[in-house]
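J.: Structure in structure tokens, see below.
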Amino acid sequence: MEYNISIRVISVKANNNFLKNYSYIVHDDISNTAIVIDPSWQMKEIEKKLSKLEMKLSAILLTHSHIDHVFDAEKLSNKYNAPIVMSQIEYEYYKFDSNNLITVKHEEIINFENIVIVSLITPGHTKGSICYLIDNNLFTGDTLFIEGCGICWGKGADPSDMFDTMQYLKTRIDKNVLIYPGHSYGKEPGEIFESVCKENVYLNFTDRNNFLSFRMRKGQIKLFDFK
Ligand SMILES: [Fe+2]
């Protein structure tokens with residue numbers, strides 16, 4: 001598979017007490033188009049980076065509707081007149097509200113200039129979580145971290161769906177794709193999927209019941225203690 005060399009990913013990090021949050025800007029050098037993924041708590045930093053290169057913000061992509069992924073979405077959307085993209089399921093289930101929303105379905109392809117986005121519905125953490133595949137980059141929100149996978153309790157969450165999602169990603173994603181999650185629990189974003197598959201225990205279950213009991217095990221003192 002050939003990749004588009006004009007596409008590059010800029011990570012924007014935020015620390016909000018105990019969470020290390022990541023938003024991403026995907027920039028196409030040729031058209032100078034940019035999209036932002038999961039903007040939250042870093043609006044000034046995002047604006048600074050956009051204006052430095054005079055990028056045109058064309059869309060805001062949301063992996064799911066949790067506040068730490070959407071906090072600045074509406075403000076950015078209004079300021080740049082850029083649509084917000086979210087999965088149809090997530091929108092309907094959680095009643096996400098926006099004046100400028102585009103909803104997408106599983107394996108739907110949309111593009112903004114040279115930035116071609118494939119939306120992969122990956123439920124488990126929420127009902128309609130999405131991973132966005134853009135060139136050889138996969139933006140995984142709280143579905144897949146380098147170190148683990150998202151928690152599976154809360155409204156619309158389901159560990160059985162998460163098991164299916166893990167199996168699906170293993171078959172759908174090329175080994176050389178780079179993984180950009182919504183949070184880091186030790187490792188920097190952008191790790192190659194091949195190494196994530198080797199190191200991440202959640203991608204290595206083949207039995208649903210074993211996955212379910214491990215993901216939902218009691219006594220997890222820290223929510224993000226993955227092993
Ligand atoms: Fe989340």
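The values are calculated or read from the model by the stated rules, or taken from the named source; none is laboratory data. None of the values given here were measured: they were computed from a predicted structure. Here the Cβ is made from the backbone with ideal geometry for all residues, glycine too, and neighbour counts use every protein chain on show.
J.: Which is away from the ligand (no atom under 12 Å from the Cβ), buried (at least 22 other Cβ atoms within 10 Å of the Cβ), among the hydroxyl-bearing types (Ser, Thr, Tyr) and more than 21 Å from Gln42 (Cβ to Cβ), of Ser160, Ser195, Ser119, Ser213?
T.: None of the others qualify; the one that does is Ser119.
J.: Would you call Gly154 within 12 Å of the ligand (Cβ to nearest atom), within 15 Å of Tyr94 (Cβ to Cβ) and modelled with pLDDT of 95 or more?
T.: For Gly154, the condition - within 12 Å of the ligand (Cβ to nearest atom), within 15 Å of Tyr94 (Cβ to Cβ) and modelled with pLDDT of 95 or more - is not met.
J.: For segment 63-83, what are the residues that are surrounded by 20 or more Cβ atoms within 10 Å (Cβ to Cβ) and either among the small types (Gly, Ala, Ser) or at positive phi (or both)?
T.: Ser65, Ala73, Ser77, Ala82
J.: Take Ser65 and tell me if it is within 16 Å of the ligand (Cβ to nearest atom) and part of a strand (DSSP E or B).
T.: Against the criterion (within 16 Å of the ligand (Cβ to nearest atom) and part of a strand (DSSP E or B)), Ser65 does not qualify.
J.: Being within 11 Å of the ligand (Cβ to nearest atom) and farther than 20 Å from Phe205 by Cβ is the filter here; which residues of segment 135-151 pass it?
T.: Residue satisfying the conditions is Gly141 alone.
J.: Report, ordered by the first and then the second residue, all pairs with beta carbons closer than 9 Å, sequence separation of six or more or different chains, a first member in segment 113-126 that is under 16 Å from Leu62 (Cβ atoms), and a second member that is away from the ligand (no atom under 16 Å from the Cβ) and of a type in the set (Phe, Trp, Tyr).
T.: Here the result reads Leu120/Tyr168; Thr122/Tyr168, each pair linking segment 113-126 to a residue that is away from the ligand (no atom under 16 Å from the Cβ) and of a type in the set (Phe, Trp, Tyr).
J.: While we're on this one: Can you say whether Lys187 is away from the ligand (no atom under 15 Å from the Cβ) and either among the β-branched types (Val, Ile, Thr) or under 30 Å from Ile35 (Cβ atoms) (or both), as far as the supplied structure shows?
T.: Considered against the rule, which asks whether it is away from the ligand (no atom under 15 Å from the Cβ) and either among the β-branched types (Val, Ile, Thr) or under 30 Å from Ile35 (Cβ atoms) (or both), Lys187 comes out as yes.
J.: If you don't mind, there's one more thing I want to ask. Here is a list: Asp142, Asp135. Which entry is within 14 Å of the chain's Cα centre (by Cα), crowded, with 22+ Cβ neighbours inside 10 Å and not polar (S, T, N, Q)?
T.: Testing whether each residue is within 14 Å of the chain's Cα centre (by Cα), crowded, with 22+ Cβ neighbours inside 10 Å and not polar (S, T, N, Q) leaves just Asp142.
J.: While we're on this one: I need a count of the residues in segment 122-134 that are among the hydroxyl-bearing types (Ser, Thr, Tyr) and away from the ligand (no atom under 11 Å from the Cβ).
T.: Looking only at that region, the number is 2.
J.: Any idea which of Ile30, Ile46, Ile60 is farther than 21 Å from Glu188 by Cα, surrounded by 15 or more Cβ atoms within 10 Å (Cβ to Cβ) and among the β-branched types (Val, Ile, Thr)?
T.: Step by step, each of Ile30, Ile46, Ile60 is checked, and only Ile60 is farther than 21 Å from Glu188 by Cα, surrounded by 15 or more Cβ atoms within 10 Å (Cβ to Cβ) and among the β-branched types (Val, Ile, Thr).
J.: Shifting gears a bit: Out of the residues in segment 163-184 meeting the condition of being out of contact with any His (no Cβ under 9 Å at 6 or more places or on another chain) and within 16 Å of the ligand (Cβ to nearest atom), tell me which one is farthest from Ile60 (Cα to Cα).
T.: Ser184
J.: What do you reckon, is Thr171 modelled with pLDDT of 95 or more, in contact with a Ser or Thr (Cβ under 6 Å, 6 or more places away or on another chain), farther than 21 Å from Val26 by Cβ and of a type in the set (Val, Ile, Thr)?
T.: no
J.: Can Ser6 be described as farther than 28 Å from Lys175 by Cα, more than 17 Å from the chain's Cα centre (by Cα) and not basic (Lys, Arg)?
T.: no
J.: Sort through Lys105, Lys44, Lys52 and tell me the only one that's more than 16 Å from the ligand (Cβ to nearest atom), of a type outside the set (Gly, Ala, Ser), at pLDDT below 95 and more than 22 Å from Ile5 (Cα to Cα).
T.: Lys44
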